[in-house]
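Here the structure is laid out as structure tokens; the discussion comes afterwards.
No lab work stands behind these numbers, since they all come straight from the coordinates. All figures in this text were calculated on a predicted structure; none of them were measured in a lab. Methodologically, a virtual Cβ is constructed for each residue, glycine included, from the backbone with ideal geometry; neighbour enumeration extends over all protein chains shown.
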């Protein structure tokens, strides 16, 4: 996915874990993506640049695309990051400069590692489902992975289990004694949570991780704080648990990770360590 708005490079100093279990609701903002799609950008924000190594979060849909093309993002480059794509409705065709051509459908995961550089496009096929809904996230790569080879992986099967009235799908990282097959390069967590009832459910957390929640659809709350689509609920670090509840069929995404230990500069589709490095990527 491509950052289409014009904005200056954003700098983020190295992170350290702090005991900060307070919750802060951070509203996102709408950004046009390609010719036909508008996304809600939840990260980065002025007051919160990252959650662990997660440095970018776009939530798109649910959109009725029955009478229009759907997603139409032309080829564009990336450096220094991984893209993580997760669909709830619809279909997107991924093509990249490594020669991969891979459709992604609901319940499947695409992870593209840019390393020192890759280009890709994301388009809805001509015969696509009538709804489109999903998220794309970026993960900042640490040294030396950010200078390594580019890679792409598609995961049709992911760990899924229940905790009380909550269904968990593990996208990346480790959680609840399970491990995702998706390869990541820093301690990280990404999981979809789907509520089957209204009873509260407690989830264990790591105090050394930063965490955030976003609502994909439905009405929910975390430790009594409401979270609705269009905003990111920053949970902070220093927590050993969180309690979630909401309406039946509400879906959330739990993000977490160790504070990113390296300085970061983001501009357009590039993630680097300095403005000079970003300028060099632009020239390439």
*Kirkwood Rh, angstrom, the stretch 39-78 [1 / mean 1/r, Cα pairs]*: 12.5 Å
*asked:* Run the numbers for residue 48 and residue 149: contour at 0.36 nm per residue of separation, minus the present Cα-Cα distance, in nm.
replied: 33.4 nm
*Given springs between every Cα pair under 10 Å in a Gaussian network model of the chain, which of 117, 272, 164 has the largest fluctuation?*
164
_Across the stretch 19-283, what fraction of all alpha-carbon pairs, as a whole percent, falls in each successive 10 Å bin from zero upward?_
7, 31, 39, 20, 3, 0
*Most fluctuating residue of 108, 192, 67 in a GNM of the chain with Cα springs under 10 Å: which is it?*
67
_Can you give me the C-alpha center-to-center distance between the stretch 149-185 and the stretch 241-284, rounded to a whole angstrom?_
18 Å
*When ranked by the protection proxy of mean other Cβ atoms within 10 Å per residue, highest first, what sequence do the peptides 180-187, 205-212, 254-261 form?*
254-261, 205-212, 180-187
*Would you work out the relative contact order for the chain, in percent, from Cα pairs under 8 angstrom that are 6 or more residues apart?*
24 percent
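So for the stretch 172-218, Kirkwood radius off the Cα pairs, Stokes-Einstein at 4 °C and 1.567 mPa s: how many µm² s⁻¹?
Stokes-Einstein gives a translational diffusion coefficient of 102 µm²/s.
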*the chain: most fluctuating residue of 173, 99, 148 per GNM, C-alpha cutoff 10 Å*: 99
*Divide the volume of the convex hull of the Cα atoms of the stretch 105-240 by its number of residues and quote the answer in cubic angstrom per residue.*
139 Å³
*asked:* Can you tell me, using C-alpha contacts under 8 Å and at least 6 residues apart, the relative contact order of the stretch 86-140 as a whole percent?
replied: 48 percent
*Quick one: if the Förster radius is 25 Å, what FRET efficiency do residue 72 and residue 178 give, using the C-beta to C-beta distance and rounding to 0.05?*
0.10
_With 10 angstrom as the radius, rank 84, 51 by how many other C-beta atoms surround their C-beta, starting from the fewest._
84, 51
